Structures are given as C-alpha cells and as structure tokens.
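Asker: What follows is a structure written as structure tokens; I'll ask about it next.
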Amino acid sequence: MSNLGTIDETAAPVNKFREFLLTKKMRLTPEREAIVQAVYSTHHHFDAEQWVGDLARRSGQNGASRSTIYRTLNLLVEAGLLRCVARTNDRQVYEHDYGYPAHDHLICRKCNAMIEFPNEAIAEVLEKIAAEHGFRMAGHRLEVDGVCAECSRPKERSHRKLDMI
C-alpha cells in the first residue's frame, strides 16, 4: 500500500464501469460488480489469481469464474479504471488508475516489491520533450527496475565454530 493519497472521484468506480459497459452494449452483471467492488475495496497492487482465491472465499458475494475475473480485469483496463503496472512471476500486476494520483514505480527484481513515488519534475521533463516533438502526451508510465534496500542488504554472516576460537 502507498501513501500517495487519492483523488476525489465524481462517480464511484462501479458506476463508471457501468457507463463504460453500456458503450460496448454490455451489462454490469452481479459477478462483474462483485469484482469491481472487491478490487476497489483496497489499494494494493494485485494479480488476477489473488482475486480468484479471494472472491471464492468471500461470503455473500456472487461467485465469479477465473475467466470472468480475467475478462473483467481486461475490461476495467480498457475502461481506464485499472492499469497494468508490471509483469512479475509470469503474472500481470494491476493497480487502480481511477481516483488515484499519477505516480511511477521502483520495482525490485528480487522480491517483486513495488515502491510508488510521485515526481512532478519527471512529468515536467516529459511534457517538455513531448512539446519539442509536437507530441500530445496523454500520460506516462515509468517503471524503474532494480533491487530494493532490503534485498541489497548484505547477508549476515554466520560464524563458524573455528572463527569463534
């Protein structure tokens, strides 16, 4: 979870999703609504398999098949409510794109930790570069690969009995 805060949305994500589905001549089924509610009940990076297990455990929720979850997540991305951040452990990782301020990510390739950070200077540089090229920027996504502080720490050396003499 991050400390970036949230943006005040004018409409709940489920209502925005309903509007989007109408443009595609689709309806908001109880299963899709349960998925949207579950995804927006917390702000953590997640992959689809986490929700497959979580939705199966939730009592009182409409059950949703694995394929319904994957299709709904793809529709949420297409609707601009979610975005794919990175691919870790051969799984697509998602986060909220609606109601959340613009930010970028530091991604640890050892433990897959994702550190979110906002940076206006990066956004300004990108806008300047886009303007120089006559490019209309709609947004950006910056993912910095590396190793987090925890994984960079030297391993504590265990002492052998001969070292203790």
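Asker: State the answer as a single residue: which of Cys108, His140, Leu126 lies farthest towards the positive end of the charge dipole of the range 91-143, with beta carbon charges of +1 for Lys and Arg and -1 for Asp and Glu, about the Cα centre.
Answerer: Cys108
Asker: Where does each of Lys155, Lys16 land when they are ranked from fewest to most other beta-carbon atoms within 10 angstrom?
Answerer: Details: Lys155 5, Lys16 19.
Listing Lys155, Lys16 from fewest to most nearby Cβ atoms yields Lys155, Lys16.
Asker: In nm, what is the difference between 0.36 nm times the number of residues separating Cys111 and Asn74 and their Cα-Cα distance? Let's see the in-between values first.
Answerer: Numbers: separation 37, 0.36 × 37 = 13.32 nm, distance 2.56 nm.
Length gained, Cys111 through Asn74: 10.8 nm.
Asker: So, one more: What is the order of Thr68, Thr29, Thr23, fewest Cβ neighbours within 10 Å to most? Before the final figure, lay out the partial values.
Answerer: Working: Thr68 18, Thr29 14, Thr23 8.
Ascending Cβ contact count within 10 Å gives the list Thr23, Thr29, Thr68.
Asker: Based only on other Cβ atoms within 10 Å, what is the fewest-to-most ordering of Arg27, Arg71?
Answerer: Values: Arg27 9, Arg71 16.
Ranking Arg27, Arg71 by Cβ neighbours within 10 Å, fewest first, gives Arg27, Arg71.
Asker: Just check the range 11-51 against the gyration tensor rule for me: Cα atoms, a ≥ b ≥ c as the square roots of the eigenvalues, rounded for a/c under 1.5, and otherwise prolate or oblate depending on whether a/b exceeds b/c.
Answerer: Numbers: a/c = 2.36, a/b = 1.76, b/c = 1.34.
In terms of gyration-tensor shape, prolate.
Asker: HN-Hα J couplings of the range 70-82 from phi, Karplus 6.51/-1.76/1.60, θ = phi - 60°, integer Hz, Gly and Pro as x?
Answerer: With coefficients 6.51, -1.76 and 1.60, one gets 4, 5, 5, 4, 4, 5, 5, 5, 4, 6, x, 8, 10 Hz.
Asker: Subtracting the Cα-Cα distance from 0.36 nm times the residue separation, let me have the gained length for Ile122 to Cys151 in nm, one decimal. Before the final figure, lay out the partial values.
Answerer: Working: separation 29, 0.36 × 29 = 10.44 nm, distance 2.60 nm.
Difference between extended and current length: 7.8 nm.
Quick note: the coordinates plus some simple rules give every number you see, no bench work behind them. Everything numeric in this text was worked out from a predicted model, so none of it was measured. For neighbour counting, all protein chains shown are included, and Cβ atoms are generated from backbone atoms with ideal geometry for every residue, glycine included.
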